[in-house]
Amino acid sequence: MKKLRVLVLMHESLVPPDSLDGYSDEEIMEWKTEFDVVTTLREMGHVVLPLGVCDDLGDLRRATEDFKPHIWFNLLEEFHGVGVYDQHVVSYLELMKQHYTGCNPRGLLLAHDKPLAKKILSFHKIPSPGFFVVPRGKKTRLPNNIDFPLLVKSASEDASLGITDASIVHDPIQLEERVEFIHTATETDALVETFIEGRELYVGLIGNRQLNVLPIWEMIFENAKPGDPRIATSRVKWDFKHQKKLGIKTIRAEGIPPEVETRINNVCKRVYKALSLSGYARIDLRLRNDGKLFVIEANPNPNLSFGEDFAESAENAGISYESLLTKIISLGLNYQAQWRLV
Ligand SMILES: Nc1ncnc2c1ncn2[C@@H]1O[C@H](COP(=O)(O)OP(=O)(O)O)[C@@H](O)[C@H]1O
Ligand SMILES: [Mg+2]
């Protein structure tokens, strides 16, 4: 690939230092993706400008004029402190006729609105857990077509915010308490789903129209006892000590029969298309013992840290970190945004 001017867009608090020396694992975890992407692109010979933004669109406009990037490498996950505003920032890049990596605004909007995404999946007959929504400020009314146990989570937050073992509820009292917790702790609507007991799978996809499906990845709980909840709570995702205690690992899923693997790959491709995703994404699924598969959610622009699930499964498929970043950049340069078609 020719050498490009790459503007790496990120939150201003996550602009990484030049070296990891002197930082603790906890500190590094905060801006590891930003560090890995910036340093790797530099090592590959690109001219890289990390741009930290918070709430001023003028920063993006000025960087466009001053740096004249060939492409924006988008690592931004919020604007004005609002998670779902990343889609508007990408819209703004399109309005400035800029190329960017990762997902387009429509895909970001659909995937981040979990209840809306589930309605679209349901139209396409793609299996996802039964659900109902309790909007903020409203009381829980249990529909009669859904059975306990249920799992209560935020309708729009990610990173397992608000998800603990207590998110699995077994009766109307626990349900009401947990819905109230989600309303107050995350300030979002609560999404209540049928709890799916099963294996926790993650599948990475890369592409705009032609999709490359990466090997199936699985979160395993090596030290969990029978009956322990095996879900990706926020401690499971972010607390190193807790991970050690439970023996949490993410590895290539073993022993999945070929026909189930084909089914998983097809379902993931259909989710990607149904939600208008582009660039790269990770689909979270659960596989029940009886072989039934459920889509839990789609993550456009998933964590790209070196050594994390997405990059690891790419590596497992023979795609090095450098080639992964190159592929993502090529897809961004080739994405047919509306402004290129008029
Ligand atoms: N319906 C469900 N049944 C079982 N586990 C679930 C369900 N929904 C979510 N989980 C568990 O909670 C985790 C986080 O939920 P998810 O919807 O992926 O939110 P996030 O966007 O925070 O990752 C999942 O990875 C899974 O372990
Ligand atoms: Mg998830």
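Derivation of every value follows stated rules applied to the coordinates shown; laboratory data play no part. Here the structure is a predicted model, which means the values were calculated and not measured. Note that we place each Cβ from the backbone using ideal geometry, even for glycine, and neighbour counts take in every protein chain shown.
Data overview
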read-out: Euclidean distance between Cα centres, the stretch 101-133 to the stretch 197-252, Å; value: 21
read-out: Cross-link table Lys118/Lys138; Lys153/Lys273; Lys32/Lys269; Lys269/Lys292; Lys245/Lys292; Lys114/Lys327, entries beyond 19 Å C-alpha to C-alpha; value: Lys118/Lys138; Lys153/Lys273; Lys32/Lys269; Lys245/Lys292; Lys114/Lys327
read-out: Charge tally in the Cβ shell below 12 Å around Asn334, where Lys, Arg are +1 and Asp, Glu are -1, Asn334 excluded; value: +3
read-out: Helix 258-274 axis, angle to the chain major axis (alpha carbon atoms, nearest 10°); value: 60
read-out: DSSP beta bridge pairing in the chain, given as percent antiparallel to the nearest 5; value: 75
read-out: GNM top mover of Ser323, Ser167, Ser24 - the chain, alpha-carbon springs below 10 Å; value: Ser24
read-out: Within-15-Å neighbourhood charge of Gly45 [Cβ basis; K, R +1; D, E -1]; value: +2
read-out: Calculated FRET efficiency for the pair Glu222/Glu261, C-beta based, R₀ 25 Å, to 0.05; value: 0.65
read-out: Estimated FRET transfer efficiency (Ser320, Leu341; beta-carbon r; R0 51 Å; 0.05); value: 0.95
read-out: Relative compactness, the chain, computed as alpha-carbon Rg over 2.2 N^0.38 Å; value: 1.00
read-out: Helix 172-186 axis, angle to the chain major axis (alpha carbon atoms, nearest 10°); value: 20
read-out: For His70, His170, order by how many other beta-carbon atoms lie within 10 Å, fewest first; value: His170, His70
read-out: Helix axis angle, 114-123 relative to the chain longest principal axis, alpha carbon, degrees; value: 80
read-out: Compactness relative to 2.2 N^0.38 Å, alpha carbon Rg of the stretch 198-334; value: 1.06
read-out: Loop-resident sites, the stretch 44-152, for trypsin sites (Lys or Arg not before Pro), counting at most 11 other Cβ within 10 Å (DSSP); value: Lys97, Lys125, Lys139, Arg141
read-out: Computed P(r) (all Cα pairs; the stretch 14-67; 5 Å bins; percent); value: 4, 18, 23, 20, 19, 11, 5, 0
read-out: Two-site label geometry, Lys139 and Arg252: point separation in nm, points 7 Å out along Cα→Cβ; value: 5.4
